[in-house]
C-alpha cells in the first residue's frame, strides 16, 4: 500500500510538471501566435512582412493588448524550405503550443504544413500566398487565405490585354515556383483560344544568373507585350535590361513586384513609366496617398515600432494590413479563445477595411468563402503615381466546392 501510494505521488508530480512544461495556447494574460518567414535565403526580400507583423503586435501590446491579453508573436526563419517549415511548425504547435499559425509566407511552405495543422485542428490563418490549392474548405477547414488568387490575377492581365491590345504578341517571364506557375496558368486561362498569342514563355529560378539572356531572347521574339511574374528586385532588373536593349514593350508586373519604392524607382522612373499592374493595397511610396489617414498612421507606426524598416516597402505594408485583419478576428473572439471560435470569427468578417487597402476593396468572409480579399484594381504607373484603370474588379470565387 505504501509503495502504491508513493507511485501515485510520483505520477501526480510528473503530471503537474508536464502541465507546467506545456503552456496553454492562450491564458488570461497572453495569446501565442506562430509564424514562419524567409528571414534568410533566396526570398529574404519578403522578410519585411514578418518584421512588420511583429512590430504591429508590439504596438497592440503597448496599447493594452487584445481584450486585455498581450500577444506573443513567435516568428521563425524557415528559409523558404518546406521541410524546415514543417519541423518548425511542429515545434510551434507541440512545444510552444501556439493558438494558431498566422501569415506564414509562401505556397510550398504552407502546403507542406497544411495537413499537420488540419489534423491537429490548429487554425492556419491568412496564409501569405494566393495559391488556389490552399483554399479548400471542405478538405482543409482550418486553412484560410487572405490575398487575392494568383490565377485570378493572371486572368485579369489576360482580359486587359485582350481588350486593350488585341492580337498583339505576348511573352511571359515567370518565376519557376507555385506562384509563378499560377500567374502563368491564369494568363493562359484568361486568353482561352487566344493563348497562342503567347509566343514565348521563360521560367526562371529565384537565383537565376541568366536573366540578361532571358530578356534578350524575349526581345528577339518581336513581342509587343511583356508579362512578368516574380519578385521586386528581379522586376527592377528586367525593366532596366529591356530599356538598355532599346526594347519598349507594354510591361505588366504581378502585384507583389509592382512596388514604386522597391522595383520601379530602382529601375529608373523613365524606364518604368507605363508599367501596368493589378493591386489591392495602397503603395506607401505613391504620393497620391500623402494625405491619406491610413498611410499617415502607417508612417507613424513605422517611425515608432519599425524604425529601421523601409517606409516605402509594399511587403512591410502587406504585413501590417494582414496583422490588422488578425487583430480584428481576435477582438471578435472576446473571451472565447478556443480554436473553434477563432475559425468562426475568421469566417464572420463583414465589410472589414484594413487601413492599407485600396478604396473599394473590402474583406468579407463566411464558412464557404476562405479568400477574404477577392478584389483587385488595374493601375498604371505614370512616372510618379499609380493611375487607376477602370473600376475595382471582383475576382471569381474559386474553392474546392467550385472545382
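The values are calculated or read from the model by the stated rules, or taken from the named source; none is laboratory data. All values reported here derive from a predicted model rather than from experimental measurement. Virtual Cβ from ideal backbone geometry, glycine too; neighbours counted across all protein chains shown.
Being touching a residue at least 12 places away in the same chain (Cβ under 8 Å), surrounded by fewer than 20 Cβ atoms within 10 Å (Cβ to Cβ) and within 22 Å of residue 83 (Cα to Cα) is a description that does not apply to residue 167.
Modelled with pLDDT under 95, assigned by TED's automatic domain parsing to the domain that holds residue 356, closer than 30 Å to residue 256 by Cα and within 18 Å of the chain's Cα centre (by Cα): is that true of residue 103 in this structure? Answer is no for this residue. Cβ-Cβ contacts under 6 Å between residues 6 or more apart (or on different chains), taken from a first residue in segment 362-390 that is closer than 11 Å to residue 286 by Cβ to a second residue that is modelled with pLDDT under 95 and surrounded by fewer than 15 Cβ atoms within 10 Å (Cβ to Cβ), are absent. When the test is whether a residue is assigned by TED's automatic domain parsing to the domain that holds residue 79, assigned to a helix (DSSP H, G or I), under 26 Å from residue 87 (Cβ atoms) and in contact (Cβ under 8 Å) with a residue 40 or more places away in the chain, residue 108 passes it.
Applying the criterion of at least 3 residues that are surrounded by fewer than 21 Cβ atoms within 10 Å (Cβ to Cβ) to the strands (runs of 3 or more DSSP E) found wholly in segment 182-256 leaves 198-204.
Among the residues examined, residue 344 qualifies as at pLDDT 90 or above, closer than 23 Å to residue 119 by Cβ, outside any loop (DSSP other than H, G, I, E, B) and out of contact with any strand residue (DSSP E or B) (no Cβ under 8 Å at 6 or more places or on another chain). Within segment 287-295, is even one residue at pLDDT 95 or above, in a loop (DSSP other than H, G, I, E, B) and crowded, with 24+ Cβ neighbours inside 10 Å? No, that holds for no residue.
Would you confirm whether or not segment 300-308 contains a residue that is touching a strand residue (DSSP E or B) at 6+ places or on another chain (Cβ under 7 Å) and outside any strand (DSSP E or B)? No, there is no match, as no residue in segment 300-308 is touching a strand residue (DSSP E or B) at 6+ places or on another chain (Cβ under 7 Å) and outside any strand (DSSP E or B). Return yes when residue 61 is touching a strand residue (DSSP E or B) at 6+ places or on another chain (Cβ under 8 Å) and surrounded by fewer than 17 Cβ atoms within 10 Å (Cβ to Cβ) and no when it is not. In short, yes.
When residue 275 is tested against (1) in contact with a strand residue (DSSP E or B) (Cβ under 6 Å, 6 or more places away or on another chain); (2) touching a residue at least 40 places away in the same chain (Cβ under 8 Å); (3) surrounded by fewer than 23 Cβ atoms within 10 Å (Cβ to Cβ), exactly one condition is not met: (3). When each of 87, 96 is tested for being within 21 Å of residue 341 (Cα to Cα), in the same structural domain as residue 139 (by TED's automatic domain parsing) and either in a loop (DSSP other than H, G, I, E, B) or free of Cβ contacts under 8 Å to residues at least 12 places away in the same chain (or both), the lone residue that passes is 96.
Of everything in segment 114-147 that's in a helix (DSSP H, G or I) and in contact (Cβ under 8 Å) with a residue 40 or more places away in the chain, which residue is surrounded by the fewest Cβ atoms within 10 Å (Cβ to Cβ)?
Taking the candidates together, the pick is 133.
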